[in-house]
Every structure is written in structure tokens, then in C-alpha cells.
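The values are calculated or read from the model by the stated rules, or taken from the named source; none is laboratory data. These figures come from a predicted structure and were not determined experimentally. With ideal geometry, Cβ positions are generated from the backbone for all residues, glycine too; neighbour counts draw on all protein chains shown. These accessible areas exclude ligands, DNA and RNA; they are computed on the full protein's heavy atoms, side chains included. Shrake-Rupley method; radii C 1.70, N 1.55, O 1.52, S 1.80 Å.
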Amino acid sequence: MITNIPFEAKHAHLSIFEPREGTLVVVPSLSLPQDELRRITGARCYEERLLFLLLTLKQPGVKVIYLSSAPVDPAIVDYYFGFLPDPDDARERLTMISLDEPDSQPLTRTILRRREMVERMREMLAGQDAWLVPFVMSDMEVRLADYLGIPIYGPAMELAYFGSKSGSRDIGRQAGVPMARGFGDLRTVAEIEDAVDSLPGERVIIKLNDGYSGLGNAILPKDDWNAIDFSADGETWQSFMAKFAERGGVVEEFIEHRPLFYPSALARITPGGHYDVVATHDQVLDGHVYQGCTFPARPEYREHVTRSASRIAKTLAGHGVVGIFGMDFFAMKTDAGYAALLCEINLRIGGTTHPFGATLLTTGATYDPATGLLMAGDQPKYYTATDNCYTTCMKGRTPADAIRAVEAAGLGFDAARRTGNVLHLMGAIPEYGKLGFTTIGNSREEADELHALTRRVLCPGTR
């Protein structure tokens, strides 16, 4: 029988960004619809997004067990150790476990099939204060935590609905935050037709409940259903509706207002029910697909986003949600000033989590909720991050090559100024020429300039 193992009272205020002691069992499994995941270049390497958690080893009481479906290049692990005050001591407290099955996805399903590995991990964790840190929650993560006998730093499965597109609208209503007009919990063509007829404007947007990175979206012109525009390449009305019937979804008005901005907020809810907003970002999108972000969100609407995000976090905490999660918004200028509309809630670790975590842990900054800034003493910190830097001249090379190129150009992390780059997603370099990086500056301009220079250094003509 599967149970939800509770945290001990002493972990009521636990944050995975700054644990003081205990063992983080990091399971970065992409337990998401695999048909959508295959559309992302180098998707398996996104298991490396959570490697920033190795930086928590700066605390001598912290241990990390990190699982992956393929071995992580030792040069990448050494790179993260280079940020720590005592790399040798940290190495003693890190256990990297590779299943060496890169094509078997998702990772957690493969782990569960390897019962001897699960039993070995259970023995390793016996008597330890430990918790499982998943990328996303599914029944598989619950089963794994149950077998290991440890709690999960994430929402209970019965609350997963609140992270769907329909559940996001329910939480938005409960929290009393502005949203685009629309309808949720739909499954049939007839329900879509009724929703389309009821909404204003010339276009609507249809979203699968469990779509991510914008890949489950479709824009429908109300006067020409044959001109529907799918965000995922190769999608058809038949294939889309098969998913819609199975997973459900929403239909919402398409926001035609221009200029339109795409801010997001990152929040956490501790096991004791304490909630707070820890960051706001402006997302960088290619169409509907997430490419990266800048911190913080623009000052014109930052306060609006933070206020709505805090109300949503309070509502989710009231339902018993635990963990890190993101919220996406639309922002636009109106006659009365800027307005922010809730777009969706991502009840999981998302694309803005690792840039924030990497910046927090390398700079030692703290978030100031009054200003929405990260402050290292009296110095605010800004960053620009990407998950999608394609460097064609790096294809076939190694993570160590990318690290050397950035360091040789003087664009590595400067510990004295606490500025520069933190690289990630480097495992995708050899096969795809793809990587990500977070560029930290002491001003918005410095972060943007250093980020652009880093792209040019990695490869001229980089997109």
C-alpha cells in the first residue's frame, strides 16, 4: 500500500535551495507525456537541470544522491565542485548513480524496474534524514519514495490537478486573481465549439491540461478551423483531439493586446505550510515555447505579478501543497496602468528554477520581497538565462571544451564580484551542440551584455 510519508517537525521550514542538513535524493525524471518530450532537442539531458543542487553541498551537513539515466560527464561534476569552498569534502558527500539506460524513459520508471538498486538505496538511507526531490510528481515518484521510506519535497498526487490547465483556472478563481476568460475541464469537440462561441475576439487558444513548454497549445481562428496553428511541429487536428479527449484541456480567449509581456513567478511552500514568492521573471519565448528568462520581471508589473502569485501560493498552501512551483502570467498596459493575468500554474520544478537556484547558491544573495530583487549585501543581482543555446561549432565537442572557452574569455564566474556565468545542460553538447547558461550581473544591462558576449564566444553566429 502506498503512503505519503510526512516530514519531521524540524523540517517544517525546509527549502531545497538552502538545506542545512540531511540528504537530498534528487530524481530529475521527466515523468511527463513522452510524445511531447520527444519534440525537445536533447530532452534526456534536461535531467541535468537539477545539478545546481550540488551547490547545496557547501553546507557540511548536507549529502546529495543524484540519479540519472546516463552517466554525467565527470567534467560537469568537477565544474560544479569548483564553486564550493571545499570540493574534496563535498565530493565525499555526493553519490552519483547512473542507470546507464539513456533510451529508457522516464528515469523513475527505469529505477522502479531495478529493484536491486532501490534496495541498495534504501540501505544507504537507513537511519538518515532524507527526502526525495523530484523534477515533477507522478505515481512513480510516490512509489519510489514509499519504497525508500522517505518523504517527497513535492505536492501529493491527489493535488496534481491544481497543476493542470483546468486546475490552474480553479485555483485562480479561488485566489481571486485576474485571468483570461475561458473554460476548463473540457474533453469533446462539442464542448470546444460551445466555448469558442462563448468567447470574444477573432481567435482562441486551446491547451492540453498537461502540456508543457507551450507544446500542448493550439491557436484557432474562429472563422476558419482549418487554419488552426499548433505549437508542436507535425501535430494534426486528429492527433491533437485524441490527446484532448484523453487528458482534457481548456479553451481561452486569445490575448490580442500588443505589446504583450510574459512574466512568471516562482514560489515555494514548505512542509510546515509556510509560503512565499521567491522570484519573478520575464520569460523569453519562441512562439509559445520557453527559451529562457531574465530576472527580475519588469518593474512596471512586477508588483502586480508578485501580489497575484502570493495569493495563489496561499491558496495552494491551504490545500496542502508542498514544494517549488511556477506561475505564468500575461502582462499588458491598460488605461489604468499595467495588468497581469494568470496564464497557468506549473506545479513542479520549471525552467526558471535552476537559474534562480544557481544564482542564489553562487552569490549568497537573498530575495527582498519589498523590491523583488536579489540582494548580495547592498548590491542587487540580475541575471539572463537560456536553455536553448545551439552552438553548431560545439557539436561533437565536450562539456570541458565549453567550460574552457568561457573561462578563457574571462566570462566564467567571478567569485569576488559574484558575476559571470553558471553553465548547465552541458551533456547535450557532444550530440546536439546545445547547452544552457545563466549570466549574472550587477545590473540589467551588465547581465544582458555578458550574456550576448557569451553566446558570441561559444560560437560566432550562435542563435
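Taking a probe of 1.4 Å, how large is the accessible area per residue of the chain, in Å²? Mind showing how you got there, number by number?
On the way: 18770 Å² over 463 residues.
It amounts to 41 Å² per residue over the chain.
Calculated from DSSP H runs of 4 or more alone, at -39500 (n - 2.57) each and per residue, what is the 222 nm mean residue ellipticity of the chain, nearest 500? Mind dumping the intermediate values first?
On the way: 14 runs with 139 residues, N = 463.
Calculated at 222 nm, the ellipticity per residue is -9000 deg cm²/dmol.
Show me, for the stretch 442-453, the HN-Hα J-couplings you get by feeding each phi into the Karplus relation (A = 6.51, B = -1.76, C = 1.60, θ = phi - 60°), rounded to Hz, glycine and proline as x.
Residue by residue, the stretch 442-453 yields 8, 7, 4, 5, 5, 4, 5, 5, 5, 5, 5, 5 Hz.
Take the solvent-accessible surface of the protein heavy atoms, probe 1.4 Å, and return the percent of it on the chain that carbon and sulfur atoms account for. Mind showing how you got there, number by number?
On the way: 9230 of 18770 Å².
The value for the chain is 49 percent carbon and sulfur by accessible area.
Take every Cα pair under 8 Å in the chain that's 6+ residues apart, average their separations, divide by the length, and report that relative contact order as a whole percent.
Working: 961 pairs, mean separation 66.7, N = 463.
It rounds to 14 percent for the chain.
Are there cysteines in the chain with no other Cys C-beta under 4.7 Å, and if so, which?
Among the cysteines of the chain, those whose Cβ sits 4.7 Å or more from every other are C45, C293, C343, C389.
Could you give the distance between the Cα centres of the stretch 388-414 and the stretch 279-332, to the whole Å?
30
Check which residues have an amide H placed less than 5 Å from R181's amide H, if you skip close sequence neighbours.
Excluding prolines and chain starts, which carry no amide H, the hits are E253.
Once you have a ≥ b ≥ c as the square roots of the Cα gyration tensor eigenvalues for the chain, tell me rounded if a/c is under 1.5, and otherwise prolate or oblate according to whether a/b is larger than b/c. Don't skip to the answer; put the middle values down first.
Numbers: a/c = 1.43, a/b = 1.25, b/c = 1.14.
Since a/c stays below 1.5, the shape of the chain is classed as rounded.
Explain nothing, just compute: Karplus ³J(HN,Hα) = 6.51 cos²θ - 1.76 cosθ + 1.60, θ = phi - 60°, for every residue of the stretch 62-77 in order, whole Hz, x for Gly and Pro.
Couplings: 9, 10, 10, 10, 10, 9, 8, 7, 9, x, 7, 3, x, 5, 5, 4 Hz.
Compute, for M124, the solvent-accessible surface of its heavy atoms (probe 1.4 Å) with the complete set of protein chains present, and express it in square angstrom to the nearest 10.
70
Which FRET efficiency value, to the nearest 0.05, is calculated for S198 and T366 with the Förster distance at 51 angstrom and r the Cβ-Cβ distance? Spell out each step's value before the answer.
Numbers: r = 46 Å, r/R0 = 0.91.
The formula returns an efficiency of 0.65 here.
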